[in-house]
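**Student:** Attaching a single structure in structure tokens format; questions to follow.
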Amino acid sequence: MILGAIEISLRSTRFSLSEVSSFSAERVVERSHGVTANVDGLDRITALLMSEVEFARDQGAERIEVTAVPALRGSRLVRLLDRVADAIGVGPIRIPTRRDWTAATFLGVTIPAGDSLPDPVAVAVIGETAIGFAVGRPGDIPEWIGSRPVGASTMTRKARFQDPPRPGQIEAAVIGASRGIASMFPPETERVLVVSPLAAVVERLCGPRIGPEEARKGLDAILGQTSDDISAWFGAEAPLARHLPGIIVGHAALAEGLGVRVEPALSDLAASRFWLGEREELFTGPGPS
């Protein structure tokens, strides 16, 4: 089946369309739009929702889910966008808990990998406001889930990143995020896979297995580069390019805070949400008809 997903974050709105089965996902298209999630951006986000939903339906999407990040829970923007989503037949807007967000990402990584991953395995996800961390059996809802408020945007703000950030600002962000990660104490695993919107760029800069030294080499490689430079260099959308230093900081913090090497990974947005719902239904049974 073809599934669509739209995720409204604090500074961008991401759209994904994928052909999904119970064990695989093939991405049709994924794109990110830079727009700040406040009432001033209502008209633009409304136009994006309507445009992307129309595109998804033209491509044969059977379901389109619209989600917003937990930081937008109870906001006036989401209340207004709920009316739009209802009017175009994709409402209400869902706001997953950090636990559900992390569990869905875990499934999005481990289900397509099949039997190639060890049991247990760990998956981290670097979001704008938080890093989620899950440990469990590949393909199942994870047994252990934690999170810390050290996401790419959060650490950028706390360390007062300029564009480009200065070395002292980057080091402050790494130290602060590492302390947060070190306080989680998750179960030990053989492998730690890290999902971010720029996983391919992170791997290109830091390598496929990233320790503290490799992460710092990646940060050194973009030192002095503005977000516009990064966008042009890697072909990344501008809203994602602004987050690249914070995303690499997240990888450094995971490597330092947990004392492990981490591996960049991908998780399909539409498929991960579908697989979480599918497995939760298997666990709890279908609801009342």
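The values are calculated or read from the model by the stated rules, or taken from the named source; none is laboratory data. If you're wondering where the values come from, they're calculated on a predicted model, not measured in any experiment. All Cβ positions, glycine included, derive from the backbone under ideal geometry; neighbour counts span all protein chains shown. Just so you know, the surface numbers come from the protein's heavy atoms only, side chains and all, with ligands and any DNA or RNA stripped out. Shrake-Rupley method; radii C 1.70, N 1.55, O 1.52, S 1.80 Å.
**Student:** Based on the Cα gyration tensor of region 9-124, what are the three equivalent ellipsoid semi-axes, each the root of five times an eigenvalue, rounded to whole Å and given largest first? Walk me through the numbers on the way to the answer.
**Tutor:** Values: eigenvalues 153, 65, 28 Å².
Whole-Å semi-axes of the equivalent ellipsoid: 28, 18, 12.
**Student:** Got a number for the accessible area of E278? Probe 1.4 Å, square angstrom, nearest 10.
**Tutor:** Rounded to the nearest 10, that gives 50 Å².
**Student:** Hey, another quick one. Test of understanding: what is the full-extension gain from D220 to R73, defined as 0.36 nm times their sequence separation minus their Cα-Cα distance?
**Tutor:** Here the segment from D220 to R73 would lengthen by 49.3 nm.
**Student:** If amide H atoms are built 1.01 Å from N in the plane of the peptide, which residues on other chains or at least 5 residues away come under 5 Å of the amide H of V66?
**Tutor:** Amide H neighbours of V66, under 5 Å, 5+ apart: I6, R94.
**Student:** So how do T97, T102 rank on accessible area, 1.4 Å probe, biggest first, that is with the largest at the start?
**Tutor:** Values: T97 65, T102 0 Å².
Result, largest first: T97, T102.
**Student:** Please turn the phi angles of region 229-234 into ³J(HN,Hα) values with the Karplus equation 6.51 cos²θ - 1.76 cosθ + 1.60 (θ = phi - 60°), one per residue in order, whole Hz, x for glycine and proline.
**Tutor:** Taking θ as phi minus 60°, the curve returns 4, 5, 4, 6, 5, 9 Hz for region 229-234.
**Student:** Place a label point 7 angstrom from the Cα of F185 along the Cα-to-Cβ direction, then list the residues of region 132-158 whose backbone nitrogen is under 19 Å away.
**Tutor:** Counting only backbone N, you get 133-136, 143-149.
**Student:** In addition: Which one, Q162, S116, I95, projects farthest toward the positive side of the charge dipole computed for region 24-180 from Cβ point charges (K/R +1, D/E -1)?
**Tutor:** Looking along the dipole axis, the top candidate is Q162.
**Student:** Next question, about the same structure. Under 12 Å from a point 7 Å along the Cα-to-Cβ line of W233: which residues of region 242-270 have their amide N that close?
**Tutor:** Correct set: 242, 244-245.
**Student:** Okay, next question. Of T156, T110, T36, which has the largest mean-square fluctuation in a 10 Å C-alpha GNM of the chain?
**Tutor:** T36
**Student:** Same structure again: Each residue of region 174-191 in order: what ³J(HN,Hα) in whole Hz does its phi give by Karplus 6.51 cos²θ - 1.76 cosθ + 1.60, θ = phi - 60°, with x for Gly and Pro?
**Tutor:** 4, 5, x, 5, 4, 4, x, 5, 4, 7, 7, 6, x, x, 6, 9, 6, 9
**Student:** For the chain, give me the percentage of DSSP beta bridges that are antiparallel, rounded to the nearest 5 percent.
**Tutor:** Expressed as a percentage, antiparallel bridges in the chain total about 65.
**Student:** Let me cross-check E143: its accessible surface, 1.4 Å probe, with only protein heavy atoms counted, in Å² to the nearest 10?
**Tutor:** Accessible area, nearest 10 Å²: 150 Å².
**Student:** Another question, if that's okay. Taking a temperature of 25 °C and a viscosity of 0.890 mPa s, what whole-number D in µm²/s does Stokes-Einstein yield for region 141-281 with Rh from Kirkwood over alpha carbon pairs?
**Tutor:** Details: Rh = 15.6 Å.
Calculated translational D: 157 µm²/s.
**Student:** Follow-up. Protein chains only, probe 1.4 Å: how do R73, R191 rank by accessible area, largest first? Please list the in-between numbers first.
**Tutor:** Values: R73 130, R191 65 Å².
Result, largest first: R73, R191.
**Student:** Here is a follow-up. Among (1) 51; (2) 32; (3) 60, which is the computed percent of Cα pairs over 29 Å apart?
**Tutor:** Correct label, based on the coordinates given: (2).
**Student:** Now for a different question. Which residues in region 197-236 place their backbone N less than 17 Å from a point set 7 Å from the Cα of R166 along the Cα-to-Cβ direction?
**Tutor:** 223-226, by backbone N distance to the label point.
**Student:** What figure, in Å² to the nearest 10, do you get for the accessible area of F23 with a 1.4 Å probe and non-protein molecules left out?
**Tutor:** Near enough 150 Å² of accessible area.
**Student:** Which whole-number percentage describes the relative contact order of the chain, with Cα contacts under 8 Å and a sequence gap of 6 or more?
**Tutor:** It comes to 19 percent, rounded to a whole number.
**Student:** Let me ask another. Starting from the residue with the highest accessible area, list R273, R31 in decreasing order, probe 1.4 Å.
**Tutor:** R31, R273
**Student:** May I ask you to evaluate 6.51 cos²θ - 1.76 cosθ + 1.60, the Karplus curve with θ = phi - 60°, for each residue of region 65-72 and list the ³J(HN,Hα) values in order in whole Hz, giving x for glycine and proline?
**Tutor:** For region 65-72, the Karplus-derived couplings read 9, 10, 10, 10, 5, x, 5, 9 Hz, x marking Gly and Pro.
**Student:** Provide the gained length on full extension for the span R94 to M50, in nm with one decimal, where the gain is 0.36 nm per separating residue minus the Cα-Cα distance. Spell out each step's value before the answer.
**Tutor:** Numbers: separation 44, 0.36 × 44 = 15.84 nm, distance 1.68 nm.
That works out to 14.2 nm of additional length.
**Student:** Let me ask you something else. Under a point-charge model restricted to the Cβ atoms of Lys and Arg (+1) and Asp and Glu (-1), what is the dipole moment magnitude of the chain relative to its Cα centre, in debye to the nearest 20? Can you show the working numbers first?
**Tutor:** Details: 30 positive and 36 negative charges, 202 e Å.
The calculation lands at about 960 debye.
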